[in-house]
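Engineer: One structure follows; several queries about it will come next.
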Amino acid sequence: MKVRAELKEISSGVYAFIQHRGEWFVSNAGLIVGEKFAVVVDSLTNESMARAFIRKIREVTNKPLKFLLNTHGDADHVWTNHLFGTTTICHENCREDTMRAHPEIYSVLFPELDFSGANITPQDITVNEKMKIYMENREIEAIHPGIAHSTGDLFIYLPKEKIVFCGDLLFSSKCTPFAMFGSISGSIEALKKLYELNADFYVPGHGDIAGKDEIQENISYYLFVQNEAKKCFEKGLNLYEFLQKLELGEYENWFESERIVGNLARAYSELTGETFDLLEVARLMFQRKNNKIK
Ligand SMILES: [Zn+2]
């Protein structure tokens, strides 16, 4: 799999590493460079992606990489932590997610993807609510927005530069948002928090650098998901049958539109308080993905 990637300077010393087009496991990362050291935001899925990122980093700075902040524990944001040689920091629940992952399962689910060089490396330091890194006159805040994309999200906020590294709280470039392992209502709340920061640049976990319009788009999508879950519930329909017939309207044309299956199952469980059959939902999601490709 060939991935086109670029390191974009957003503000002096603040960069987004954008991997196009942002599909499953093709995620973004960040770099913040100070006088004494640099901070990395997220690692990537496999060794070749991580090496490409590190090569780009070394084109713009020779400062030591001191900290790596993980925005959450998904494979595409933590599996090459070990290649950066830094102290790693994440939310307490993110560390648990990181340790629970099984690369061999992903290889079965995504046979076309390259997971070489991926490694499970538990983070060194955890945070529960909020922490700050002081870098000369720059402040780097890592803030937990509550349960949203996952149970252990952190977004990285640079208040002076008005930049937010959102991790997978935000998706752009018509990549479908995903919160199957977190909360749909929590994702909406987190997106509202991001919106209220009035930042100039929002770096999503997947897709190109975004603004407040994309935050609004993500909120609208999750409201659609909640509304469909409500329809299913109020009509007393079987969730798994509903998931197979569901029509997406404008969202059908978004990339990874099959994520609706996981999202809707999550929204339905928030509505009813019942858990859902994770394996069955995953099976239906990939069935929808494969039907689309044919
Ligand atoms: Zn991701």
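The values are calculated or read from the model by the stated rules, or taken from the named source; none is laboratory data. Just so we're clear, the structure is a prediction, and the values are computed from it rather than from any experiment. Here the Cβ positions follow ideal geometry from the backbone for every residue, glycine too, while neighbour counts run over all protein chains shown.
Engineer: So for the stretch 111-121 (the condition being without any contact (Cβ under 8 Å) to a residue 40 or more places away in the chain and surrounded by fewer than 18 Cβ atoms within 10 Å (Cβ to Cβ)), does at least one residue qualify?
Structural biologist: Looking through the stretch 111-121, at least one residue is without any contact (Cβ under 8 Å) to a residue 40 or more places away in the chain and surrounded by fewer than 18 Cβ atoms within 10 Å (Cβ to Cβ).
Engineer: Continuing with the same structure: Please report, ordered by residue number, the strands (runs of 3 or more DSSP E) entirely within the stretch 122-173 with at least 1 residues that are touching a residue at least 12 places away in the same chain (Cβ under 8 Å) and among the small types (Gly, Ala, Ser).
Structural biologist: 138-143, 163-171
Engineer: Can you report the number of residues in the stretch 174-209 which are assigned to a strand (DSSP E or B) and within 11 Å of the ligand (Cβ to nearest atom)?
Structural biologist: Within the stretch 174-209, residues that are assigned to a strand (DSSP E or B) and within 11 Å of the ligand (Cβ to nearest atom) number 4.
Engineer: Residue 148 versus (1) more than 16 Å from residue 70 (Cβ to Cβ); (2) of a type in the set (Gly, Ala, Ser); (3) within 16 Å of the ligand (Cβ to nearest atom): which is the lone unmet condition?
Structural biologist: Going through the list (1) more than 16 Å from residue 70 (Cβ to Cβ); (2) of a type in the set (Gly, Ala, Ser); (3) within 16 Å of the ligand (Cβ to nearest atom), residue 148 breaks only (1).
Engineer: Could you tell me which numbered condition residue 282 fails, if it satisfies all but one of (1) more than 26 Å from residue 26 (Cα to Cα); (2) surrounded by fewer than 17 Cβ atoms within 10 Å (Cβ to Cβ); (3) not β-branched (Val, Ile, Thr)?
Structural biologist: (1)
Engineer: Could you pull out every one of the helices (runs of 4 or more DSSP H) wholly within the stretch 1-107 that has 3 or more residues that are under 14 Å from the mean Cα position of the chain (by Cα)?
Structural biologist: Output list reads 75-78, 92-100.
Engineer: A further question on this structure: Please enumerate the residues belonging to the stretch 47-76 that are surrounded by fewer than 21 Cβ atoms within 10 Å (Cβ to Cβ) and either free of Cβ contacts under 8 Å to residues at least 12 places away in the same chain or within 16 Å of the ligand (Cβ to nearest atom) (or both).
Structural biologist: The answer is 55, 58, 62.
Engineer: Considering each residue of the stretch 14-35, count those that are within 17 Å of residue 133 (Cβ to Cβ) and touching a residue at least 60 places away in the same chain (Cβ under 8 Å), and give that number.
Structural biologist: So the answer is 5.
Yes/no matrix, rows are residues, columns are (1) under 11 Å from the mean Cα position of the chain (by Cα); (2) modelled with pLDDT of 95 or more; (3) more than 27 Å from residue 246 (Cβ to Cβ):
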{"position": "148", "(1), (2), (3)": "yes, yes, no"}
{"position": "151", "(1), (2), (3)": "no, yes, no"}
{"position": "159", "(1), (2), (3)": "no, yes, yes"}
{"position": "177", "(1), (2), (3)": "yes, yes, no"}
{"position": "188", "(1), (2), (3)": "no, yes, no"}
{"position": "197", "(1), (2), (3)": "no, yes, yes"}
{"position": "205", "(1), (2), (3)": "yes, yes, no"}
{"position": "218", "(1), (2), (3)": "no, yes, no"}
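Engineer: Checking residue 239 against (1) touching a residue at least 40 places away in the same chain (Cβ under 8 Å); (2) crowded, with 20+ Cβ neighbours inside 10 Å: exactly one of these is not met. Which one?
Structural biologist: Here residue 239 clears every test but (1).
Engineer: Moving on. Of all residues being more than 16 Å from the ligand (Cβ to nearest atom) and either among the aliphatic types (A, V, I, L, M) or outside any helix (DSSP H, G or I) (or both) in the stretch 210-223, which is farthest from residue 27 (Cα to Cα)? Just the residue, please.
Structural biologist: 223
Engineer: Evaluate the stretch 168-188: report whether one residue or more is of a type in the set (Asp, Glu) and either crowded, with 22+ Cβ neighbours inside 10 Å or closer than 20 Å to residue 14 by Cβ (or both).
Structural biologist: Looking for residues that are of a type in the set (Asp, Glu) and either crowded, with 22+ Cβ neighbours inside 10 Å or closer than 20 Å to residue 14 by Cβ (or both), one finds at least one in the stretch 168-188, hence yes.
Engineer: Right, another one. Out of everything in the stretch 4-46 that is acidic (Asp, Glu) and within 16 Å of the ligand (Cβ to nearest atom), what residue ends up being surrounded by the fewest Cβ atoms within 10 Å (Cβ to Cβ)?
Structural biologist: 23
Engineer: Which residues, counting only those in the stretch 226-282, are within 21 Å of residue 22 (Cα to Cα) and assigned to a helix (DSSP H, G or I)?
Structural biologist: Of everything in the stretch 226-282, those that are within 21 Å of residue 22 (Cα to Cα) and assigned to a helix (DSSP H, G or I) turn out to be 250, 251, 252, 253, 259, 260, 261, 262, 263, 282.
Engineer: Does any residue of the stretch 224-235 turn out to be among the β-branched types (Val, Ile, Thr) and within 16 Å of the ligand (Cβ to nearest atom)?
Structural biologist: The answer is no, given that none of the residues of the stretch 224-235 is among the β-branched types (Val, Ile, Thr) and within 16 Å of the ligand (Cβ to nearest atom).
Engineer: Tell me which residues, restricted to the stretch 170-212, are farther than 14 Å from residue 22 by Cα and aliphatic (A, V, I, L, M).
Structural biologist: 179, 180, 184, 188, 190, 191, 194, 197, 199
Engineer: Exactly one condition in (1) under 25 Å from residue 263 (Cβ atoms); (2) within 16 Å of the ligand (Cβ to nearest atom); (3) touching a Phe, Trp or Tyr at 6+ places or on another chain (Cβ under 6 Å); (4) of a type outside the set (Ser, Thr, Tyr) is not met by residue 143; state its number.
Structural biologist: That leaves (2) as the condition not met.
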